[in-house]
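I have placed the structure first, in the form of structure tokens, so that the comments after it can refer back to it.
The values are calculated or read from the model by the stated rules, or taken from the named source; none is laboratory data. In this text the structure is predicted, and so the values were computed from the model without any measurement. All Cβ positions, even for glycine, are placed from backbone atoms using ideal geometry, and neighbour counts span all protein chains on display.
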Amino acid sequence: MSVIDGCFRARAADTGIALVTQDAGAERAWTWAELNRETAAWAARIAAATAGPGVALVEIDNGCRAVLRLLGALRTDAPVAVISRRAPHAESAGLCDALARGGHPVAIVADSGITRVEARSRSGRRRLPSESVLLGTGGSAGRPKIVVDSRMRTIGRRPRGARPSTSMNWRPGQRQLVVGALHHTAALTYFIEAVGDGNSVIVPRTFDPAVALGLIENWSVEWLQLTPYHMRLLADAARGRSAGLRSVRGMLHLSAACPVKVKLRWLDLVGETRVFEMYGATEPVGITLARGDEWRARRGTVGRGFFTQIRVMDEGGARLPRGQVGNVYMRSASAMAGCYLDPGHRLRVTPDGFASVGDRGRLDDDGYLYLEPRQASRIQVGGETVYADEVASVLGQHPQVEDAAVIGVPDERLGEAVIAVVAAPRARVSGPELRAFARDRLARHKVPRQVLITDVVPRSGTGKPDRERVTRLARQLQAAGNAPATDGCRASKTEEGM
């Protein structure tokens, strides 16, 4: 019996509020008894469709029907892969194909019902852990990179003292707001833990700051997890209504660097001992935590390791002294070299078990970690992660594009915006044409705001895009508009907006 199924069975007669959904302004509250009956039916259908053993691929958003399907899948023992219901067909098909090629039957759970896709091969199939979650993290070679997480759904079996939530003013049975998309690691993690702990979970279909503030007030929400994007908009909505946040006992933020002004506003709004920051990754290498008062005393820190050891190392693998910037490596009970579905993807792992996802930072004398600006290949657009290499790979599939590089630039509204520089020296192709090409193959938030055309994409001696030179070139092309740019480059018309 899965952890989540056991939780539902234990509350099968409970008339307390388990879930509040909101679709198109219509709010519905589900008791545990009602939710148990509804999700049990989905669980039975999904369990039958994943016999083999297979993977449940659940297309979700934060709408009522999608949440019920997700809970049904989580009640089974089958591995569950999640993908946005709004993702382009090519993205969903790519994930399904990767699983089928790996020897796994797939049950696609969608609005239209459940469709089973048989495995293409059984030879060399890697057995996936029961109750695991499969999460896409982008890809640099035109195929998804899928993390296999075997801990998220089983957190209820871990001692409370070993759970990060325990250090963030979390308590079982609390009222909790979910505003992040449930196909994202952080939102899904705390949604699953909330269900296991018997919390009353409020899930609006879309994020509207005024609506979210109203839900916090009306339901006396005690705990929520936000991105800096959500934090800024919600703080703006709370101007003159800060009393509406008095019920909040804990607010966790992660996903991207939080602007200092936004962080300070939240420390003032709910109190510095109620604001928490976490650093981690979809890959289970370890985490850090920083409470608001710790951050105020060490402005810019992302905290110390939570059941996690941290090292900062140079490119040669030598450990660097405190204060020096290098590659961040972490070691925890969850760090696994084989966390990817495709064995061709690997973490950087030291012989003694420290792993890195490529971020850089430094440690102070007390062991607090400070990150350098997020690695350029990861771009945060309104709380959504965009992998530059994935976008560049898609643009490179266009027959008239010879090379492509993608960067993130600061954006006041979304945090960062995606800009692409492509080499098409002998072709007549425009930025809008390439944006349309990308739009058919990528999720909306991944489509470049601008595509700039040049003769050569600057690269380093190792063949990687030279991000600094690409950024300078992008500025030149933007300034030149349709006029010839310097260094023999030429600019295209650009298309604004997403």
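What the table shows:
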{"quantity": "Any hit, the range 358-380, residues being aromatic (F, W, Y) and in a strand (DSSP E or B)", "calculated": "yes"}
{"quantity": "Test: residue in the range 89-97 that is under 20 Å from R65 (Cβ atoms), in the same structural domain as V55 (by TED's automatic domain parsing) and surrounded by 13 or more Cβ atoms within 10 Å (Cβ to Cβ)", "calculated": "yes"}
{"quantity": "Residues satisfying the stated conditions in the range 105-123, i.e. surrounded by fewer than 13 Cβ atoms within 10 Å (Cβ to Cβ) and under 11 Å from T50 (Cα atoms)", "calculated": "E118"}
{"quantity": "Filtered residue count, the range 192-226, keeping only those that are under 20 Å from the mean Cα position of the chain (by Cα) and among the aromatic types (F, W, Y)", "calculated": "2"}
{"quantity": "Subset of the range 16-30 [among the charged types (D, E, K, R) and either in contact with an Asp or Glu (Cβ under 9 Å, 6 or more places away or on another chain) or free of Cβ contacts under 8 Å to residues at least 24 places away in the same chain (or both)]", "calculated": "E27"}
{"quantity": "Some residue of the range 353-369 being among the hydroxyl-bearing types (S, T, Y) and either assigned by TED's automatic domain parsing to the domain that holds A417 or surrounded by fewer than 17 Cβ atoms within 10 Å (Cβ to Cβ) (or both)", "calculated": "no"}
{"quantity": "When residues of the range 297-335 are limited to those that are charged (D, E, K, R) and not in a loop (DSSP other than H, G, I, E, B), the one surrounded by the most Cβ atoms within 10 Å (Cβ to Cβ)", "calculated": "R331"}
{"quantity": "Residue list for the range 421-434, filter: surrounded by fewer than 23 Cβ atoms within 10 Å (Cβ to Cβ), touching a strand residue (DSSP E or B) at 6+ places or on another chain (Cβ under 6 Å) and under 23 Å from P88 (Cα atoms)", "calculated": "G431"}
{"quantity": "Within the range 16-71, considering residues that are in a helix (DSSP H, G or I) and within 22 Å of the chain's Cα centre (by Cα), the one surrounded by the most Cβ atoms within 10 Å (Cβ to Cβ)", "calculated": "L70"}
{"quantity": "Of residues in the range 456-469 being surrounded by fewer than 22 Cβ atoms within 10 Å (Cβ to Cβ) and touching a Lys or Arg at 6+ places or on another chain (Cβ under 7 Å), the one modelled with the lowest pLDDT", "calculated": "D466"}
{"quantity": "Conditions (1) within 22 Å of V211 (Cβ to Cβ); (2) touching a helix residue (DSSP H, G or I) at 6+ places or on another chain (Cβ under 6 Å): number failed by R28", "calculated": "(2)"}
{"quantity": "Leading residue by the ranking (nearest to the chain's Cα centre (by Cα)) among those in the range 240-255 that are of a type in the set (A, V, I, L, M, F, W, C) and either part of a helix (DSSP H, G or I) or closer than 18 Å to R296 by Cα (or both)", "calculated": "L254"}
{"quantity": "Flag if A81 is closer than 25 Å to R9 by Cβ, small (G, A, S), buried (at least 24 other Cβ atoms within 10 Å of the Cβ) and under 20 Å from the mean Cα position of the chain (by Cα)", "calculated": "yes"}
{"quantity": "Enumeration of residues in the range 394-420 that are over 30 Å from D236 (Cα atoms) and either part of a loop (DSSP other than H, G, I, E, B) or of a type in the set (V, I, T) (or both)", "calculated": "V394, G396, Q397, H398, P399, Q400, V401, E402, V406"}
{"quantity": "Residue list for the range 238-256, restricted to those being buried (at least 17 other Cβ atoms within 10 Å of the Cβ) and among the small types (G, A, S)", "calculated": "A238, G244, G250, S255, A256"}
{"quantity": "Selected residue (criterion: modelled with the highest pLDDT) from residues of the range 470-498 that are over 28 Å from the mean Cα position of the chain (by Cα) and hydroxyl-bearing (S, T, Y)", "calculated": "S492"}
{"quantity": "Filter result (of a type in the set (A, V, I, L, M, F, W, C) and in a strand (DSSP E or B)) within the range 421-461", "calculated": "V421, V422, A423, V451, L452, I453"}
{"quantity": "Residue identified as under 17 Å from P105 (Cβ atoms) and of a type in the set (K, R) among R69, R45", "calculated": "R45"}
{"quantity": "Filtered residue count, the range 435-449, keeping only those that are buried (at least 24 other Cβ atoms within 10 Å of the Cβ) and under 13 Å from A474 (Cβ atoms)", "calculated": "1"}
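Matching residues to (1) outside the structural domain of G25 (by TED's automatic domain parsing); (2) of a type in the set (F, W, Y); (3) farther than 30 Å from R346 by Cβ; (4) crowded, with 22+ Cβ neighbours inside 10 Å:
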site: P159; (1), (2), (3), (4): yes, no, yes, no
site: A162; (1), (2), (3), (4): yes, no, no, no
site: T185; (1), (2), (3), (4): yes, no, no, yes
site: G198; (1), (2), (3), (4): yes, no, yes, no
site: P204; (1), (2), (3), (4): yes, no, yes, no
